[in-house]
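The values are calculated or read from the model by the stated rules, or taken from the named source; none is laboratory data. Bear in mind the structure is a predicted one, so any value in this text is a computation, not a measurement. A quick note on method: Cβ atoms are made from the backbone with ideal geometry, for glycine too, and the neighbour counts reach across all protein chains shown.
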Amino acid sequence: MTILTTKMKTHKSRSYDQTELKELSDIVCDNIEDLFESLEIYEYKMLDKMIITSCPIHGGDNQSALNLYYQGDNYRGNWKCRTHQCEEVFKSSIIGFVRGCLSRNQLDWEKPGDQVVSFKEALDFCKKFLKKGAKLQKVSKKEKEKIQFVNTVNYIKPTPTLSKKVITRNNVTKSLSIPSSYYLSRNYSAEILTKYDVGECLSKGKEMYNRAVVPIYDIDHHSMVGCSGRSIMDDVKPKWKHSTGFRAEETLYNYWYAKDFIKKSGVVIVVESPGNVWRLEESGIHNSVAIFGCNLGDKQKMLLDISGAMTIITIMDNDDAGKKAAAQIQKKCERTYNIKNIDIGYSDIGEMTIEQINTEIKPLIERYELC
């Protein structure tokens, strides 16, 4: 491995040859996992072109705050801290990232104005790191890809509840009366309700007794990670409730079906509730997911990040909460996605007919997919 030399001009201020810096950055990015280990960063999610982790520079705990693009056509190693904008202090290059991490590790840097290590110290660290190049390739590419895949899957899994038993899809369908009579009365088809295993729990003593149950599955569609139940009796409160231990903010409803369509199209449609997903499915729109309310959580965004989507289309309910939800998603995702929003003239998508969706919603989706 060739270690690059630094060219310095004989001015009072020090400058560096940009071509050589780019070459050095590329080599560092080729060994990005080893760099993270050298910087004592062990918890991160590695995608095809990007690493997602909490920011090791300001010491945050938001697990999707820092995005580092170790692959790319231009300047590799570009990174952003999406909560504290640490790149504005240290510059958004891989050497700037190293400088920020060293400042944190060596000088307890926390905020602008705190003492930092110099650019030269960061550059020297990278050179010293690359001199160990013979050791950096000891793990084969195939082994690294396997480790990367396992780390990614483990990273996005909800933390398991110790008392919670795994419930297979087969056991779910056996325990419910499918399709749900309640949702049939809401003009959903028996076919769509059967596809999503939506039925009523008629077993006394069960947590979801006398509720229309919406099962939520893992990304492989093998096991139920939780369920949501809608009361079918007017005097039963609350009207909606999630099963005990279910973390709605970590799951995207319909991801198990939609992921292939999202990857193929590069577009994901984000809605509030499962009923909206069903109506879109009935209309032949298969790349939608629901966030269970009005807020896109950090782990839900991680699922979007690994989905292959480049564009997010939001179709929220037609109320103040829906408008706030669209604005929250826009703010959370605008730096990494092309964001489009579709306003509807009905309370929600579930209240629309297939004909209305075909004439009012589909043309807009198709237009945005081509953008």
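Would you mind stating whether ILE57 is crowded, with 18+ Cβ neighbours inside 10 Å and without any contact (Cβ under 8 Å) to a residue 24 or more places away in the chain? So ILE57 fails the test.
Among residues that are at pLDDT 95 or above and β-branched (Val, Ile, Thr), ILE313 is included.
From the residues in the range 259-289 that are of a type in the set (Ser, Thr, Tyr) and farther than 19 Å from ASP218 by Cα, which one is farthest from the chain's Cα centre (by Cα)? It comes out as SER283.
Could you check how many residues of the range 265-305 are touching a Gly at 6+ places or on another chain (Cβ under 8 Å) and not in a loop (DSSP other than H, G, I, E, B)?
Residues that pass the stated criteria total 4.
Could you please let me know if GLY308 is in a loop (DSSP other than H, G, I, E, B), touching a Gly at 6+ places or on another chain (Cβ under 8 Å) and not aliphatic (A, V, I, L, M)? So GLY308 fits the description; yes.
Residues in the range 347-364 that are in a helix (DSSP H, G or I), aliphatic (A, V, I, L, M) and over 12 Å from GLY284 (Cα atoms): ILE349, LEU364.
Out of PRO112, PRO56, one residue alone is within 27 Å of SER307 (Cβ to Cβ), in a loop (DSSP other than H, G, I, E, B) and either in contact with a strand residue (DSSP E or B) (Cβ under 7 Å, 6 or more places away or on another chain) or modelled with pLDDT of 90 or more (or both). It is PRO56.
Residues in the range 314-337 that are in a helix (DSSP H, G or I) and under 17 Å from MET302 (Cα atoms): GLN328, ILE329, GLN330, LYS331, LYS332, CYS333.
If I go through the range 28-53 residue by residue, how many of them are touching a residue at least 24 places away in the same chain (Cβ under 8 Å), within 19 Å of ARG335 (Cα to Cα) and assigned to a loop (DSSP other than H, G, I, E, B)? Result for the range 28-53: 1. Candidates in the range 289-309 are the residues that are within 25 Å of LYS49 (Cβ to Cβ) and of a type in the set (S, T, N, Q); of these, the one that is surrounded by the fewest Cβ atoms within 10 Å (Cβ to Cβ) is SER307.
Would you say ASP260 is in a loop (DSSP other than H, G, I, E, B), without any contact (Cβ under 8 Å) to a residue 60 or more places away in the chain and either over 25 Å from GLN328 (Cβ atoms) or not assigned by TED's automatic domain parsing to the domain that holds ILE365 (or both)? Taking the combined requirement at face value, the residue does not satisfy it.
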